[in-house]
Amino acid sequence: MARDLISELTEALSREGSRSSDFDLNPDTVLPEGRKLRPAAVLVPVSVARDVPRLVLTKRSSALKHHPGQIAFPGGKQDEGDADITATALREAREEIGLPPDMPRILGHLPTHETVTSFSVTPVVAILESGFETVAEPGEVDEVFSVPLAHVLNPANYVVESRRWRGQKRYYYAVPYGPYYIWGATARMLRGLAARMSE
């Protein structure tokens with residue numbers, strides 16, 4: 001089963017795809033020409049250590065200034081010392097959830113995603129073939145948890161919702177699971193992966 005999943009994910013990641021954005025569902029948004037986006041990366045860690053493949057996610061600290069309490073992939077902005085964008089994702093995953101950097105098996109990248117906070121985020125998809133003891137980064141991560149991969153790969157589980165943002169109604173994807181409200185950039189990147197896997 002794990003071998004089949006790895007093959008399917010690898011094939012899906014090899015297909016050409018367009019970039020995504022926090023503005024995909026808001027086509028009337030006017031973005032400034034020449035805007036400068038800061039490079040960042042997130043790790044999309046898929047654990048196949050048990051019978052049911054699961055996606056590892058974090059709940060950001062409620063004390064953070066940006067995106068407090070939101071569900072996110074482990075990740076962050078690229079540092080000068082990072083060899084490449086994959087190294088950024090692995091470093092952030094080690095810092096945020098205690099993932100040993102030599103454990104993930106990198107399968108590939110999804111197209112970059114532009115966020116409302118002016119980051120160009122590269123999702124790095126990886127397989128975890130064994131378990132590890134998660135360690136949530138104090139002050140950054142309130143919780144490390146997982147959801148069944150099948151849930152986020154099913155396009156039918158996604159809904160489009162809206163809220164007011166900077167005086168305008170903004171639409172976004174959400175893919176709730178139990179007590180976890182997965183939405184915004186995280187849900188949009190997962191929706192892109194789900195679309196690729198269903199092609």
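The values are calculated or read from the model by the stated rules, or taken from the named source; none is laboratory data. Quantities reported herein were computed from a predicted structural model and do not represent experimental measurements. Using ideal geometry, Cβ is built from the backbone for each residue, glycine included, and neighbour counts are taken over all protein chains shown.
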- [ ] Consider GLY167 carefully, then state whether it is surrounded by 17 or more Cβ atoms within 10 Å (Cβ to Cβ) and on the phi > 0 side of the Ramachandran plot.
- [x] no
- [ ] Scan region 70-108 residue by residue and report those that are free of Cβ contacts under 8 Å to residues at least 12 places away in the same chain and in contact with a Pro (Cβ under 7 Å, 6 or more places away or on another chain).
- [x] ARG94
Open item on the list: I'd like to check something: does region 43-56 contain any residue that is in contact (Cβ under 8 Å) with a residue 24 or more places away in the chain, more than 16 Å from VAL147 (Cα to Cα) and assigned to a loop (DSSP other than H, G, I, E, B)?
Closed with: no
Open item on the list: Between a residue in region 8-37 that is more than 19 Å from ALA187 (Cβ to Cβ) and any residue that is of a type in the set (Asp, Glu) and in a loop (DSSP other than H, G, I, E, B), which pairs come within a Cβ distance under 9 Å, given they are 6 or more apart or on different chains?
Closed with: ARG15/GLU199
- [ ] Would you be able to tell me the number of residues in region 7-18 that are under 23 Å from THR115 (Cα atoms) and loosely packed, with under 14 Cβ neighbours inside 10 Å?
- [x] 3
Open item on the list: Looking only at residues that are surrounded by 21 or more Cβ atoms within 10 Å (Cβ to Cβ) and among the hydrophobic types (A, V, I, L, M, F, W, C) in region 176-188, which one is nearest to SER21 (Cα to Cα)?
Closed with: ALA185
Task: Subset of region 86-109 that is more than 14 Å from the chain's Cα centre (by Cα) and part of a strand (DSSP E or B) - its residue that is surrounded by the most Cβ atoms within 10 Å (Cβ to Cβ) - done: LEU107
- [ ] List the strands (runs of 3 or more DSSP E) that sit entirely inside region 110-199 and contain at least 1 residues that are modelled with pLDDT under 95 and touching an Asp or Glu at 6+ places or on another chain (Cβ under 6 Å).
- [x] none
Open item on the list: Whether any residue in region 24-45 is β-branched (Val, Ile, Thr), closer than 29 Å to ARG164 by Cα and at pLDDT below 95 is what I want to check.
Closed with: yes
TODO: Name every residue in region 117-131 that is surrounded by fewer than 16 Cβ atoms within 10 Å (Cβ to Cβ) and of a type outside the set (D, E, K, R), in order of residue number.
DONE: THR117, SER118, SER130, GLY131
